[in-house]
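For reference, the structure is listed below as structure tokens.
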Amino acid sequence: MTAAPNSVRYFALIPAAGVGARMEAGSPKQYLAIAGKPMLRHALDAFLASPLIAHTYVVVSAEDGVIDTVVPAHGVTVLRCGGATRMDSILNGLHALHGSIAAHDQVLVHDAARPGLTPALIAKLITEVGDHPAGGLLALPVVDTVKKAGPGGLSAQTVPRDGLWLAQTPQMFSYVLLHQALSEAPDPQAITDDASAIEALGLAPRLVEGHPRNLKVTLPRDIHTAELYLTHP
């Protein structure tokens with residue numbers, strides 16, 4: 001895949017090497033069936049349906065024996081270089097892509113457990129982030145009253161919600177910036193999403209309002225909610 005000088009291409013990168021322990025499903029949650037197909041396939045199909053995405057990559061562990069039954073025949077490349085953590089998997093994936101994509105090309109990192117992504121949300125992220133040098137991410141402004149718990153599960157404090165957002169994915173950054181941010185992260189344990197690594201460089205990614213349908217399936221009860229969105233768009 002070659003591109004004209006100074007043109008920007010958009011690539012999807014989905015880390016999918018996790019085991020999903022909190023789902024208590026006995027198998028990686030990205031392969032659980034939701035609305036008739038594996039959770040991961042929903043995310044892949046959203047990127048495949050977007051005319052803005054040049055190619056999609058999914059990062060799995062070297063021992064993954066399921067992924068080949070999930071990915072379509074065309075449009076997705078499997079990278080068997082998953083690491084011990086999500087950050088490790090993304091960084092390993094970026095290393096594997098070195099030389100294949102340009103430094104200024106944009107990488108959209110998406111959670112495998114967010115099956116509600118749509119081409120419209122992808123387009124919104126790309127359009128509203130534009131050429132912002134620190135990239136950006138889908139997120140939802142906090143609308144509920146926020147409480148801080150004290151000992152014994154008691155409500156100890158009401159936290160002002162002004163300016164608070166709940167991060168979603170995709171999170172989009174240039175290849176070179178994302179690689180730098182993850183490589184130089186001073187405390188990998190503090191990197192809970194890709195934007196936090198960018199913020200650690202002193203940069204401020206742009207927040208783009210997402211949608212509740214793009215929820216992350218983490219607990220068993222989340223499956224029903226995700227299915228409602230997927231079967232009643």
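The values are calculated or read from the model by the stated rules, or taken from the named source; none is laboratory data. Just so we're clear, the structure is a prediction, and the values are computed from it rather than from any experiment. A quick note on method: Cβ atoms are made from the backbone with ideal geometry, for glycine too, and the neighbour counts reach across all protein chains shown. Ligands, DNA and RNA are excluded from the accessible area calculation, which covers all protein heavy atoms including side chains. Shrake-Rupley method; radii C 1.70, N 1.55, O 1.52, S 1.80 Å.
Of the residues making up the stretch 191-233, those that are within 25 Å of M39 (Cα to Cα) and in a loop (DSSP other than H, G, I, E, B) are I191, T192, D193, G210, H211, L215, K216, V217, T218, L219, H232, P233. Against the condition among the charged types (D, E, K, R) and open to solvent by 60 Å² or more (accessible area, probe 1.4 Å), how does K37 come out, does it pass? Here the answer is yes, as K37 does meet what is asked. Taking each residue of the stretch 181-203 that is farther than 19 Å from K216 by Cβ and looking for partners that are at pLDDT below 95 and loosely packed, with under 12 Cβ neighbours inside 10 Å with beta-carbon atoms closer than 7 Å, six or more apart or interchain, yields A200/P186. Within the stretch 169-182, can one find any residue that is over 16 Å from the mean Cα position of the chain (by Cα) and either part of a strand (DSSP E or B) or loosely packed, with under 13 Cβ neighbours inside 10 Å (or both)? No, the conditions are met nowhere in the stretch 169-182. Residue count for the stretch 93-105 under the criterion of being open to solvent by less than 30 Å² (accessible area, probe 1.4 Å) and either at positive phi or not aliphatic (A, V, I, L, M) (or both): the result is 2. In the condition set (1) farther than 17 Å from H55 by Cα; (2) over 18 Å from the mean Cα position of the chain (by Cα); (3) touching a residue at least 40 places away in the same chain (Cβ under 8 Å), L91 is compliant with all but (2).
Specify the residue that is farthest from A185 (Cα to Cα); the eligible residues are those in the stretch 40-70 that are among the aliphatic types (A, V, I, L, M) and open to solvent by 30 Å² or more (accessible area, probe 1.4 Å). Don't jump to the end; show me each part of the working.
We begin by selecting, within the stretch 40-70, every residue among the aliphatic types (A, V, I, L, M); these are 40, 43-44, 46, 48-49, 52-54, 58-60, 62, 66-67, 70.
When the remaining residues are screened for being open to solvent by 30 Å² or more (accessible area, probe 1.4 Å), the result is 48-49, 52, 54, 62, 66.
On the way: L48: 31, A49: 33, L52: 30, A54: 28, A62: 25, V66: 32 Å.
Only one residue tops the list, namely A49.
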